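Asks: This structure is in structure tokens; I'll ask about it shortly.
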Amino acid sequence: MSVFSIARPVPAVTLLVSLLLSACGGSSLTCEEPEEPYQAARNLPPLRSPEGLSQPERTGTFQIPPEKPSAQPKAERTTCLDEPPDYFRSSGTVARTPEEVIVSWARAWANREADAVAALYSTSFVAPTDSAGSAAWLEQRREQVATGPVPDAKLEGLKMESDGADRREVSFVQKFGTNSLRRELVLVREGGSWRIVSEKVVEVR
């Protein structure tokens, strides 16, 4: 009489464990990952001075020297400005654009900066009247800026027309309190700067 053995089904858990062991090549359930480059790094020995030279002293190398007292008192700094700086106005007497001339001219007059106003006129400036020469007229303008009524720094109704690449004709209203003057200025390019070559008042109100 033949004896037949019936194979029993292998549980799923046992089959999964067997697959893991065969994949890792051992009896452990943990597979070792290949080492990353940083894992293979090793500490290097400290640098050594060549023979015959002493080891440099490292303590106190980065000490900050004490601040020397200044003979002049430091100016008090403020974190805020009462008003933003002029966009067009430059720090010196060189006016790079016609707009910069007009803004600098108006602001300098409002701040009683007579020299700054005079610096914006060309050496070829022609006085608006024949009774006074250009030099005398500009000197009167200096005195007017320094001691006369103070105008508003902001000009009204500013218009600028181009008369060629190096010439601009500008008109605007300048206010002195309740009084207003409409002026016309002609600007020309001189080298890298723009200067006023003529000026006249066309309306008083």
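The values are calculated or read from the model by the stated rules, or taken from the named source; none is laboratory data. Computed from a predicted model, the values in this text were never measured in an experiment. Positions of Cβ are backbone-derived with ideal geometry, glycine not excepted, and every protein chain shown enters the neighbour counts.
Asks: Within the stretch 141-159, restricting attention to residues that are assigned to a loop (DSSP other than H, G, I, E, B) and of a type in the set (Gly, Ala, Ser), which residue is surrounded by the fewest Cβ atoms within 10 Å (Cβ to Cβ)?
Replies: Ranking the qualifying residues of the stretch 141-159, first place goes to Gly148.
Asks: A further question on this structure: For the stretch 127-135, state whether one or more residues are part of a helix (DSSP H, G or I) and either surrounded by 11 or more Cβ atoms within 10 Å (Cβ to Cβ) or out of contact with any Pro (no Cβ under 7 Å at 6 or more places or on another chain) (or both).
Replies: Yes.
Asks: Provide a single number: the residues in the stretch 168-194 that are part of a strand (DSSP E or B), within 30 Å of the chain's Cα centre (by Cα) and not β-branched (Val, Ile, Thr).
Replies: Counting residues in the stretch 168-194 that are part of a strand (DSSP E or B), within 30 Å of the chain's Cα centre (by Cα) and not β-branched (Val, Ile, Thr) gives 6.
Asks: Among the listed residues Phe172, Phe176, which satisfies the condition of being surrounded by 12 or more Cβ atoms within 10 Å (Cβ to Cβ), under 18 Å from Val204 (Cα atoms) and out of contact with any Asp or Glu (no Cβ under 7 Å at 6 or more places or on another chain)?
Replies: None of the others qualify; the one that does is Phe176.
This table checks each residue for (1) modelled with pLDDT of 60 or more; (2) more than 30 Å from Pro149 (Cβ to Cβ); (3) of a type in the set (Ser, Thr, Tyr); (4) over 22 Å from the mean Cα position of the chain (by Cα).
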position: Gly60; (1), (2), (3), (4): no, yes, no, yes
position: Tyr87; (1), (2), (3), (4): no, no, yes, no
position: Ser90; (1), (2), (3), (4): no, no, yes, no
position: Asn111; (1), (2), (3), (4): yes, no, no, yes
position: Val117; (1), (2), (3), (4): yes, no, no, yes
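Asks: On to the next question. Just one of (1) over 15 Å from Val201 (Cα atoms); (2) touching a residue at least 12 places away in the same chain (Cβ under 8 Å); (3) more than 32 Å from the chain's Cα centre (by Cα); (4) not in a helix (DSSP H, G or I) trips up Ala165, so point out which.
Replies: Answer for Ala165: the failing condition is (3).
Asks: Further, regarding this structure: Go through the stretch 179-205 and report how many residues are more than 20 Å from Thr123 (Cα to Cα), surrounded by fewer than 15 Cβ atoms within 10 Å (Cβ to Cβ) and in contact (Cβ under 8 Å) with a residue 24 or more places away in the chain.
Replies: Result for the stretch 179-205: 5.
Asks: For Glu99, work out the one condition from (1) at pLDDT 90 or above; (2) more than 20 Å from Arg183 (Cβ to Cβ) it doesn't fulfil.
Replies: It fails just one condition, (2).
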